Amino acid sequence: MSEIRTRIAPSPTGDPHVGTAYIALFNRCFAHHHGGKFILRIEDTDQVRSTDQSEKDILEALGWLGLSWDEGPGIGGEYGPYKQSERGEIYDQHIKQLLDTGSAFPCFCTSHRLDDLRKQQMSDKAAVGYDGHCLQLGPEAVAARVAAGEEHVIRMKIPKEGECTFDDMLRGPVSISWSQVDMQVLIKSDGKPTYHFANVVDDHLMRISHVIRGEEWINSAPKHILLYQYFGWDVPVLCHMPLLRNPDKSKLSKRKNPTSIGYYQAMGYLPEAMLNYLGMMGWTMPTGEEMFNLQEMTHSFDINRVSLGGPIFDIQKLDWLNGKYIRESLDDQQFAKLFAEWAFSADKIQRIVPLLKQRVERFCDVAELGSFFISANPTLSIELFEHKVLTIEAQIKILQFSLWHLEALEVWNREFIESSLQGLAGQLDLKIRDFLSPLFLAISGKAVSTSVIESIDILKLDITRARLRAAIDVLGGISKKMAKNLEREYRSLD
RNA sequence: GUCCCCAUCGUCUAGAGGCCUAGGACACCUGGUUUUCAUCCAGGCAACAGGGGUUCGAAACCCCUUGGGGACGCCA
């Protein structure tokens with residue numbers, strides 16, 4: 001049997017997600033258990049959303065967890081480059097092949113036409129998908145329009161009838177009829193490949209033997225398989241893992257649960273505990289032992305021990321596990337060292353000190369004033385929020401709108417946060433001092449504290465989000481109806 | 001809506017037809033140890049979604065129903 005090679009292919013379009021780490025963990029364990037290689041590839045074909053910062057954060061987060069890779073960014077390897085934005089020529093060559101053999105075709109339809117088409121199909125209760133409009137174009141017409149530089153995408157052809165059956169390593173045979181499969185765009189109008197195309201080309205060229213990914217991809221498997229066939233390539237073994245869930249069983253999302261690895265790091269979880277916890281989502285040691293490290297998991301790994309029900313990411317159990325790690329695997333010296341590094345990292349302390357220094361008279365004042373920087377979310381009560389001009393409802397609005405504003409920030413620094421929030425206060429026609437009041441309480445637990453804008457800057461978005469949301473909950477939360485109204489009002493702001 | 005996937009305590013799960021009166025862990029409750037608390041220890045509560053088959057025997061295999069989730073983008 002040839003070498004087992006697996007990969008994780010994150011898209012650098014946001015915060016490092018625990019789901020990414022989860023899938024990475026299983027890919028790494030599977031490959032290493034069988035003496036194979038685990039590859040990291042950056043899927044940055046979305047020019048609009050991909051950022052260097054996100055890429056950096058993701059690599060760091062995986063590194064923090066100890067999920068090292070054998071080939072990929074920073075390591076190299078013989079199948080590079082490992083960043084899709086640097087593989088443009090490869091995709092160009094390959095799409096040409098599909099165009100030449102007639103497996104793919106240019107499509108000149110505007111997004112406007114496609115929208116109308118989709119709406120029509122919805123109201124007709126028909127299957128939603130591309131109608132093959134540009135398939136009717138003659139080769140001369142196509143050539144002329146392409147030569148004229150007309151904007152277009154390239155789509156893949158899909159059989160009209162029959163079905164695609166493949167063997168999922170965990171689920172057995174899965175059949176999806178071709179009528180359910182859309183003529184997927186392979187090359188976008190900006191000339192970049194879509195995930196579906198790039199992922200197949202790269203997985204083949206990088207000799208990926210097993211594709212272990214989230215269940216959300218099952219329905220796209222036929223497209224991928226067909227592409228392999230168009231190229232005449234062997235299809236790797238496919239394996240779809242269950243999805244991590246919110247407590248309400250929906251797919252884990254940051255709207256409902258902290259999903260950023262950075263959040264857990266900032267909250268003082270140990271990477272070993274975090275990884276161990278992810279390992280017990282859908283998987284157990286043959287011995288039933290719940291506490292295990294990456295090496296032990298790798299050694300005992302058996303993909304068939306994965307259970308298919310979507311596991312709920314239960315922070316309570318994670319907390320218990322983390323506590324167990326702190327108590328049982330750390331001696332006093334290690335605890336002191338790790339805690340100090342976490343709480344007083346040079347970077348963090350440098351930024352906090354100027355805020356505290358001007359507001360204390362004695363060192364013994366420091367802990368109380370600055371505790372919220374290293375504590376869990378402050379304990380709040382609704383009484384705290386009694387305000388001379390602001391109603392509870394107004395404060396909920398301030399908190400929610402602020403959160404939306406902060407989430408939309410392209411750059412996270414003091415200036416941006418300040419102008420964003422000041423702008424919001426203006427739009428809401430509130431004095432900045434009143435506007436900031438609920439934010440002070442949510443962030444620090446106190447009405448009087450260090451500059452809330454600088455505090456938000458230092459605490460970063462993950463923690464800020466958690467605290468704003470906790471405050472909103474204390475104030476009674478947002479009902480569905482309220483959410484609708486708030487969203488409408490928020491959209492009409494500018 | 002269409003298609004796909006899934007289904008054991010509230011949660012994570014063990015379970016490969018008889019070892020199942022369904023085991024462990026978190027959470028919760030009770031008691032013990034501890035100057036308090038936490039830890040730790042002992043105990044308790046709590047599940048095979050429903051209905052049909054197959055079989056001498058079903059939590060396990062098959063079918064239907066129900067429930068949950070996912071996909072249906074020039075996002076990944």
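DSSP beta bridges confined to chain A are antiparallel in about 55 percent of cases. Whole-Hz Karplus values for region A:274-279 come out as 4, 5, 4, 5, 4, x Hz, taken residue by residue from phi with 6.51 cos²θ - 1.76 cosθ + 1.60 and θ = phi - 60°; glycine and proline positions read x. With no solvent and one point per C-alpha, what does the Debye sum give as log10 I(q)/I(0) for region A:286-400 at q = 0.11 Å⁻¹? Listed by q, the Debye log ratios stand at -0.73.
Across region A:166-221, counting alpha-carbon atoms alone, Rg and Dmax equal 13.0, 38 Å. For residue A:177, the residues whose modelled amide H falls within less than 5 Å of its own, excluding neighbours fewer than 5 places apart on the same chain, are A:164. Shape analysis of region A:266-353 yields a ratio of the Cα radius of gyration to the Kirkwood radius, Rg/Rh, of 1.07.
A dipole drawn for chain A from +1 and -1 charges on Cβ atoms has a positive end, and of A:91, A:394, A:211 the residue lying farthest that way is A:394. For residue A:248 and residue A:218, the FRET efficiency from 1/(1 + (r/R0)^6), where r spans their Cβ atoms and R0 equals 30 Å, is about 0.85. Gyration tensor analysis over the Cα atoms of chain A returns equivalent ellipsoid semi-axes of 44, 31, 21 Å (largest first, whole Å). Taking only the alpha carbons of region A:87-241, we obtain Rg and Dmax values of 16.2, 49 Å in that order. Across region A:373-481, Cα pairs under 8 Å and at least six residues apart give a relative contact order of 40 percent. A Förster radius of 45 Å, combined with the Cβ-Cβ distance separating residue A:460 from residue A:101, puts the computed FRET efficiency at roughly 0.35.
Rounded to the nearest 500, the 222 nm mean residue ellipticity of chain A from helices alone is -14500 deg cm²/dmol, with -39,500 (n - 2.57) taken per DSSP H run of at least 4 residues.
Think of each Lys and Arg Cβ as +1 and each Asp and Glu Cβ as -1; about the Cα centre, that makes the dipole of region A:87-241 roughly 100 debye.
Considering only alpha-carbon pairs that sit under 8 angstrom and 6 or more positions apart, the relative contact order computed for chain A is 13 percent. Per-residue Karplus couplings for region A:40-57, computed as 6.51 cos²θ - 1.76 cosθ + 1.60 with θ equal to phi - 60°, are listed in order as 10, 10, 8, 9, 10, 7, 8, 5, 6, 9, 6, 9, 5, 4, 4, 4, 4, 4 Hz, Gly and Pro entered as x. Cross-link pairs exceeding 32 Å between alpha carbons, from the set A:324/A:480; A:446/A:480; A:337/A:446; A:317/A:388; A:83/A:157; A:157/A:480: A:324/A:480; A:317/A:388; A:157/A:480. Ordered by the number of other Cβ atoms lying within 10 Å of each residue's own Cβ, fewest first, A:289, A:383 fall into the sequence A:383, A:289. Residues A:453, A:208 in ascending order of nearby Cβ atoms (within 10 Å, fewest first): A:453, A:208. Applying 1/(1 + (r/R0)^6) with R0 = 45 Å to the Cβ-Cβ distance of residue A:127 and residue A:86 gives a FRET efficiency near 0.75.
A straight chain from residue A:13 to residue A:479 at 0.36 nm per residue would run longer than the Cα-Cα distance by 164.8 nm.
The phi torsions of region A:152-166, fed into the Karplus equation with coefficients 6.51, -1.76 and 1.60 and a -60° offset, translate into couplings of 7, 10, 10, 10, 9, 7, 10, x, 7, 10, x, 9, 9, 10, 9 Hz, rounded to whole numbers, with Gly and Pro shown as x. Of the residues A:339, A:26, the one with the fewest other Cβ atoms within 10 Å heads the list, and the complete ranking is A:339, A:26.
Relative to the longest principal axis of the Cα atoms of chain A, helix A:88-100 runs at roughly 30 degrees. Remark: region A:20-131 projects, on average over all directions, an area of 10.9 nm² (convex hull of Cα atoms).
Close amide-amide hydrogen proximity is noted between residue A:104 and A:99, A:157, each under 5 Å apart and 5 or more residues distant or on a separate chain (H modeled in the peptide plane; Pro and chain starts excluded).
Evaluated at q = 0.10, 0.15, 0.16, 0.23 Å⁻¹, a Debye calculation over the C-alpha positions of region A:382-491 (equal weights, vacuum) places log10 I(q)/I(0) at -0.24, -0.57, -0.66, -1.49.
In a fully extended conformation the segment linking residue A:418 and residue A:338 would gain 25.5 nm over its present Cα-Cα distance, using 0.36 nm per residue. Over region A:12-80, the pair-distance histogram of Cα-Cα distances with 10 Å bins from zero comes to 20, 51, 26, 2 percent, rounded to whole numbers. Annotation: amide H-H contacts under 5 Å for residue A:17 (H modelled 1.01 Å from N, sequence separation of 5 or more, or interchain): A:261.
Quick note on region A:188-261: its Rg to Rh ratio, both from C-alpha atoms and Rh being the Kirkwood radius, is 1.07.
All of the numbers you see were taken from the coordinates with simple rules; none came from a lab. Because the structure is a prediction, the values reported are computed rather than measured. Note: ideal-geometry Cβ built from the backbone for every residue, glycine included; neighbour counts use all protein chains shown.
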